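Colleague: Have a look at this one before I ask anything.
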Protein chains: 2
Amino acid sequence: MDINGTGERFADGFGPAAHTGAPRVGHEVLAVVFQVREGRLCVLVWRRGRPPCEGLWALPGGSLGMLEGLGESIRRQLAQKVDVRDLSHLEQLETRGDPDRDPFARTLATAYLGLVPAGIDPVVPPDTEWCFASELLPMAFDHTAMVDSARRRLRAKLSYTNIGFALAPPEFTMSQLSRYYRAALGHDVAATNLRRVLLRRGQIEETGRSVPSGRSGGRPAALFRFRARTLEITDAFAVLRPPAD
Amino acid sequence: MDINGTGERFADGFGPAAHTGAPRVGHEVLAVVFQVREGRLCVLVWRRGRPPCEGLWALPGGSLGMLEGLGESIRRQLAQKVDVRDLSHLEQLETRGDPDRDPFARTLATAYLGLVPAGIDPVVPPDTEWCFASELLPMAFDHTAMVDSARRRLRAKLSYTNIGFALAPPEFTMSQLSRYYRAALGHDVAATNLRRVLLRRGQIEETGRSVPSGRSGGRPAALFRFRARTLEITDAFAVLRPPAD
DNA sequence: TCGAGTTTTAGCCTGAAAGACAAAAACTAG
DNA sequence: CTAGTTTTTGTCTTTCAGGCTAAAACTCGA
């Protein structure tokens, strides 16, 4: 990597701390955890009790342990906020490292997107709450930007993956599912179209059972479930496909 | 963030190095730089001259400087490999941090996807080469996985963004463009369909000029250009759109 | 200069998929 | 039994991708 032997390799002003020459900066792992509650998209946040950014909302997470991987670390740390078994999906989002993102120390942060299915209510510590994503007050550091990234990622993936499985409980009616989609997408989703789209894509299937609908009567609703509970990409979604033959 | 006052916060075995308590690990920034050359997708790699992984291909990049951001850092480091002005696109890909990804030191690496338009030939140092992406030999550390991520990302974005602008030179004929797409996608792309798709999406436009086609005759080909040279998402691509009204 | 060969361009057709809408089905409550 | 409610089914329209063919526009050689 010493491209011309002139030592430009250390133009950053730091010699090697190991064979790679990487300087040692702090690294933390954070998560934007979404859940649909009361028909609205919510984010799990906690209120900082000390400076910097005292009193502001912050994302759950913390320091990367010396012996753990990134995903491993955020799972461990979320286990202290939300029961890990409740996390239906987790994926890496982005890493932020602006020198001034934290005014007190040079710290990088890798953000994850986590999802919790609707209908359960994990125990959270007293300083932690589920906030409506649309009404988030300014957050600590660059956490607002991370939440925005996470919302965009979720919205996009609802279009071209089966990620709905992570928002919905194991079984659901189509009108329930359309409410989860509406909460995450921010606009109405017609249950009848949603049904056809997801059925054609093979993402959901009928369980055979049904439940009575609202207390004021109405045809009983069929119960559906997602076929898979891991992320799958809808391949029919690709444009510029390989030629037919 | 000390969720219950029992000190579980430091369950990773490390006390705070700063107010965040982040342990200090090495961090490097790498780039998967693609260019279409000779009609094929190529990756910029260099051959390691010393252990670990001596003799294996590796991605360009290096240590994050103490005062620079992540994107800033990879741009600086690529300037030593490829003239920065030639980079038509750069985006963050993923951060890898398995404790054993580097056997000699705990190092995190943030990978970027970079693109260089076809038709130019940046000066690269002697240990550095453009390798066909489809014929890459095993690479150092987890770099192979990063190249795979980058290829998937590029292929996906060719479907639903205007990222072709970063593969093509400023002006091009449709058959040239279809060759760039074929190289990146790995399959034939009919120039006539590509033209209609990109025109309808408003991604490309005619320059008004044209150039003679192959030496054996043929109708002159119209020259096109991309309307934008920054990433834009094709919104018509979203399924589950907001209702019409 | 004319015809053969080559490449690009334009037009037409098909099929897949999404979304709007309306009617039928299946229930509750009074 | 009827009115009201909700789900489900079916039809229609629109949009877009992609295949195919014919026309256009050029070069080259006879």
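The values are calculated or read from the model by the stated rules, or taken from the named source; none is laboratory data. Since this is a predicted model, take the numbers as computed values, not measurements. Virtual Cβ from ideal backbone geometry, glycine too; neighbours counted across all protein chains shown. The area values use the complete protein model at the heavy-atom level, side chains included, leaving out ligands, DNA and RNA. Shrake-Rupley method; radii C 1.70, N 1.55, O 1.52, S 1.80 Å.
Colleague: In the range A:178-188, is there at least one residue being part of a strand (DSSP E or B) and either within 23 Å of A:G119 (Cβ to Cβ) or not assigned by TED's automatic domain parsing to the domain that holds A:A118 (or both)?
Modeller: no
Colleague: Only one residue in B:D102, B:D121, B:D148 is of a type outside the set (V, I, T), assigned to a helix (DSSP H, G or I) and away from DNA strand C (no atom under 16 Å from the Cβ), so which one is that?
Modeller: Just a single option satisfies the conditions, and that option is B:D148.
Colleague: For the range B:195-222, how many residues meet the condition of being open to solvent by less than 50 Å² (accessible area, probe 1.4 Å), in contact with a strand residue (DSSP E or B) (Cβ under 7 Å, 6 or more places away or on another chain) and within 8 Å of DNA strand C (Cβ to nearest atom)?
Modeller: So the answer is 3.
Colleague: Please verify whether the range A:112-122 includes one or more residues that are open to solvent by 60 Å² or more (accessible area, probe 1.4 Å), within 16 Å of DNA strand D (Cβ to nearest atom) and not aliphatic (A, V, I, L, M).
Modeller: Taking every residue of the range A:112-122 in turn, at least one turns out to be open to solvent by 60 Å² or more (accessible area, probe 1.4 Å), within 16 Å of DNA strand D (Cβ to nearest atom) and not aliphatic (A, V, I, L, M).
Colleague: Mind listing whichever residues of the range A:63-80 are facing another protein chain (nearest Cβ under 8 Å) and in a loop (DSSP other than H, G, I, E, B)?
Modeller: Answer for the range A:63-80, where residues must be facing another protein chain (nearest Cβ under 8 Å) and in a loop (DSSP other than H, G, I, E, B): A:L64, A:G65, A:M66, A:L67, A:E68, A:G69, A:Q80.
Colleague: Identify, from the list A:L154, A:L136, A:L158, the residue that is within 14 Å of chain B (Cβ to nearest Cβ), aliphatic (A, V, I, L, M) and in contact (Cβ under 8 Å) with a residue 60 or more places away in the chain.
Modeller: A:L154
Colleague: If the Cβ limit is 7 Å and pairs must be 6+ apart or interchain, which residue in the range A:204-220 that is on the phi < 0 side of the Ramachandran plot and free of Cβ contacts under 8 Å to residues at least 60 places away in the same chain pairs with which residue that is among the hydroxyl-bearing types (S, T, Y) and near DNA strand D (Cβ under 9 Å from one of its atoms)?
Modeller: Qualifying pairs under 7 Å: A:V211/A:T173; A:R219/A:S213; A:P220/A:S210; A:P220/A:S213.
Colleague: Go through the range B:90-116 and report how many residues are of a type in the set (D, E), closer than 18 Å to B:L78 by Cβ and at the interface with chain A (Cβ under 8 Å from one of its Cβ atoms).
Modeller: The number of residues fulfilling the criteria is 1.
Colleague: Another question, then. Taking the stated definitions as given, is B:A191 within 13 Å of DNA strand D (Cβ to nearest atom), in contact with an Asp or Glu (Cβ under 7 Å, 6 or more places away or on another chain) and away from chain A (no Cβ under 11 Å)?
Modeller: The answer is no for B:A191.
Colleague: A further question on this structure: Hey, among the residues in the range A:53-62 that are open to solvent by 10 Å² or more (accessible area, probe 1.4 Å) and in a loop (DSSP other than H, G, I, E, B), which one's farthest from B:D102 (Cα to Cα)?
Modeller: Here the answer is A:G55.
Colleague: How many residues are within 16 Å of DNA strand D (Cβ to nearest atom), within 14 Å of another protein chain (Cβ to nearest Cβ) and within 14 Å of B:G39 (Cβ to Cβ) when one looks only at the range B:161-177?
Modeller: 1
Colleague: Just to be sure before I move on: is A:D148 under 22 Å from the mean Cα position of the chain (by Cα), farther than 22 Å from A:A111 by Cβ and open to solvent by 50 Å² or more (accessible area, probe 1.4 Å) in the structure I sent?
Modeller: no
Colleague: Separate question: Scan B:R182, B:R229 and give me the residue that is within 16 Å of DNA strand D (Cβ to nearest atom), under 23 Å from the mean Cα position of the chain (by Cα) and in contact (Cβ under 8 Å) with a residue 60 or more places away in the chain.
Modeller: B:R182
Colleague: Taking the stated definitions as given, is A:L158 away from DNA strand C (no atom under 14 Å from the Cβ), within 23 Å of the chain's Cα centre (by Cα) and surrounded by 15 or more Cβ atoms within 10 Å (Cβ to Cβ)?
Modeller: Against the criterion (away from DNA strand C (no atom under 14 Å from the Cβ), within 23 Å of the chain's Cα centre (by Cα) and surrounded by 15 or more Cβ atoms within 10 Å (Cβ to Cβ)), A:L158 does not qualify.
Conditions (1) more than 25 Å from A:V84 (Cα to Cα); (2) at pLDDT 95 or above, marked per residue:
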residue: A:V123; (1), (2): no, no
residue: A:T128; (1), (2): no, no
residue: A:F141; (1), (2): yes, no
residue: A:R151; (1), (2): no, yes
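Colleague: Just to be sure I understand, how many residues within the range A:201-226 are away from DNA strand D (no atom under 12 Å from the Cβ) and more than 11 Å from every other protein chain (Cβ to nearest Cβ)?
Modeller: Adding up the residues that qualify gives 5.
Colleague: Which count do you get for residues in the range B:168-179 that are within 13 Å of DNA strand C (Cβ to nearest atom) and either more than 25 Å from B:L87 (Cα to Cα) or open to solvent by 30 Å² or more (accessible area, probe 1.4 Å) (or both)?
Modeller: 4
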